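J.: I have a structure I would like to understand better, so I am pasting it below and will then ask my questions one at a time.
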Amino acid sequence: MIVIRDKDNPRKFIRTHSDGRVEIYMMSEKQTQKRKLPLDEKVRRARKICELYSLGEYTIKSCCEVFSVKYSTFQYWAQPNRAPDSKRRGFVHDVHELYKKACIENEINFRERLKEATRIGLLKLARGIEYEEIETIYRYDNNGTPYMDRIKKATKIILPNNNVLIFLANTVGAFNA
């Protein structure tokens with residue numbers, strides 16, 4: 001069964017069955033309305049989004065997608081300047097504070113991950129890299145069907161990079177002086 005939403009009318013659906021039958025049905029106004037989340041669920045989701053974002057690995061949009069919250073909705077929740085007479089002022093202020101803290105932690109964690117990746121990359125380039133390349137060779141039989149003939153393995157070596165060695169000598173020498 002395949003269900004397709006009509007582009008012109010979002011309440012209209014076309015359902016195609018495997019036996020060829022086609023049905024057209026309309027959703028009621030109540031069915032198309034999205035249900036509103038309770039305040040405690042909004043706070044829980046906002047807290048989870050901020051925790052995930054603070055790890056420094058993901059964007060805020062991807063964190064919102066994980067917890068089924070639209071990015072624009074989260075930005076609305078995290079607005080710093082809402083009217084003081086608003087009923088939701090406390091909720092928005094709490095989410096804003098969580099988001100501010102998550103942004104700071106995200107920046108710190110991202111920089112730490114970047115430093116570690118840079119150190120590892122420089123160390124590999126300074127030592128040189130050895131890896132194994134595997135190539136599968138196929139042959140064809142009389143019918144034209146391919147079959148695996150053999151596997152060729154070759155060990156490849158990338159020599160240390162001179163520019164990286166000079167950079168490390170200058171940098172480490174400056175720290176040890």
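The values are calculated or read from the model by the stated rules, or taken from the named source; none is laboratory data. Quick caveat, the model's predicted, so the values are computed rather than measured. Cβ coordinates were reconstructed from backbone atoms using ideal geometry, including for glycine residues, and neighbour counts include every protein chain displayed. The area values use the complete protein model at the heavy-atom level, side chains included, leaving out ligands, DNA and RNA. Shrake-Rupley method; radii C 1.70, N 1.55, O 1.52, S 1.80 Å.
J.: Might you check whether a residue that is farther than 30 Å from ILE108 by Cα, hydroxyl-bearing (Ser, Thr, Tyr) and modelled with pLDDT of 70 or more occurs anywhere in the range 4-16?
T.: Looking only at the range 4-16, we keep the residues that are farther than 30 Å from ILE108 by Cα, and these are 4-16.
Retained after the next criterion (residues that are hydroxyl-bearing (Ser, Thr, Tyr)): 16.
From what's left, modelled with pLDDT of 70 or more: 16.
Yes; the residues of the range 4-16 include at least one that is farther than 30 Å from ILE108 by Cα, hydroxyl-bearing (Ser, Thr, Tyr) and modelled with pLDDT of 70 or more.
J.: In addition: I'd like to check something: does the range 91-102 contain any residue that is modelled with pLDDT of 85 or more, open to solvent by 90 Å² or more (accessible area, probe 1.4 Å), under 29 Å from the mean Cα position of the chain (by Cα) and under 30 Å from ASN162 (Cβ atoms)?
T.: no
J.: Could you look through the range 47-64, keep only residues that are touching a residue at least 12 places away in the same chain (Cβ under 8 Å) and small (Gly, Ala, Ser), and pick out the one that is nearest to ARG113 (Cα to Cα)?
T.: Looking only at the range 47-64, we keep the residues that are touching a residue at least 12 places away in the same chain (Cβ under 8 Å), and these are 47-57, 60, 63-64.
Among the residues that remain, those that are also small (Gly, Ala, Ser) are: 54, 56.
Numbers: SER54: 12, GLY56: 8 Å.
My answer is GLY56.
J.: Among the residues of the range 112-136, which ones are touching a residue at least 40 places away in the same chain (Cβ under 8 Å) and open to solvent by 60 Å² or more (accessible area, probe 1.4 Å)? Write out each step before concluding.
T.: Applying the first criterion (touching a residue at least 40 places away in the same chain (Cβ under 8 Å)) to the range 112-136 yields 112-113, 122, 126.
If the condition is that a residue be touching a residue at least 40 places away in the same chain (Cβ under 8 Å) and open to solvent by 60 Å² or more (accessible area, probe 1.4 Å), then GLU112, ARG113 are the ones that fit.
J.: Check the range 108-121 and report whether any residue there is under 30 Å from LEU39 (Cβ atoms), part of a loop (DSSP other than H, G, I, E, B) and either modelled with pLDDT of 85 or more or of a type in the set (Asp, Glu) (or both).
T.: Within the range 108-121, not a single residue is under 30 Å from LEU39 (Cβ atoms), part of a loop (DSSP other than H, G, I, E, B) and either modelled with pLDDT of 85 or more or of a type in the set (Asp, Glu) (or both).
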